[in-house]
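Remarks on the structure that follows.
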Amino acid sequence: KRHQEKDVVLQVARRLEKELRALGFEVALTRSRDAELSLAARSQKALAWKADLMISLHCNAAAPSVRGVEVFRMSPQGARSTYSLQRTSGTCRNSPWETDNARLAYEVQRALVAGTEAVDRGMKSARFAVLRESPCPAVLVEMGFMSCPTEDVRLGTAAYQDRLAKGMA
């Protein structure tokens, strides 16, 4: 059965919220129900909440044989994004949280791989809008490839969603 990214992401987000609250963190979800939210609105919410960090959850897609987890952070100014051949011009501002972004991405990737035993696709960098416009340290987590039949099945199970949430927490 093929799952929908929006459903998997929301289920994992709710589980992650529960895990983080149990650890004493204050948590706010940009969406708590099946509703579309623009990329700009996500960053605006984080700004309004004076968030200390932001984790954007996603499921990836590629060829059916591609699988694994990867975590993106904002690309440093002047550096190219992981999947780009072009370097940025000086017009792309550098993130004031570069060190925090790198540490957060590293720790989340390491814990996700350990907690899920998923293929380690590594820590990556990109200038995705949700990272570029974030008012605080931020990462974008690709929790797996829904285009891979076996990974799609895993992503749809409560047990694996719990492992994802516990790993990120």
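Per residue, what accessible area does the stretch 1-51 have, given a 1.4 Å probe and all protein chains present, in Å²?
About 74 Å² of surface per residue is accessible.
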Once Lys and Arg are counted +1 and Asp and Glu -1 for all other residues with Cβ under 10 Å from that of F25, the total becomes -3
Taking protein heavy atoms only, a 1.4 Å probe, and rounding to whole percent, the accessible area of the stretch 120-169 owed to carbon and sulfur comes out at 56 percent
As straight-line cross-link partners of K6, the qualifying aspartates and glutamates (C-alpha separation under 14 Å, not fewer than 8 residues apart within one chain) are D34, E36, E142, D152
Measure of exposure for T99: accessible area at 1.4 Å probe, Å² rounded to 10, is 110 Å²
Extend 7 Å from the Cα of A111 along its Cα-to-C-beta direction; within the stretch 136-164, residues with backbone N under 12 Å of that point are 164
Of 134-141, 160-167, 106-113, ordering from highest average Cβ density within 10 Å down gives 134-141, 160-167, 106-113
Once amide hydrogens are built 1.01 Å from N within the peptide plane, the residues lying 5 or more places from S125 or on another chain with amide H under 5 Å from its amide H are R73, T82
Once the dipole of the chain is set up from charges on Cβ (+1 Lys and Arg, -1 Asp and Glu), the residue from the list S95, A138, A63 lying farthest towards its positive end is S95
With every protein chain in place, the accessible area of R2 for a 1.4 Å probe, in Å² rounded to the nearest 10, comes to 150 Å²
Listed by chain and number, the aspartates and glutamates with an alpha carbon less than 12 angstrom from that of K18, same-chain partners under 8 positions apart left out, are E26, D162
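The values are calculated or read from the model by the stated rules, or taken from the named source; none is laboratory data. Because the structure is a prediction, the values reported are computed rather than measured. We place every Cβ from the backbone using ideal geometry, glycine too, and count neighbours over all the protein chains shown. Only protein heavy atoms, including side chains, enter the accessible area calculation; ligands, DNA and RNA are left aside. Shrake-Rupley method; radii C 1.70, N 1.55, O 1.52, S 1.80 Å.
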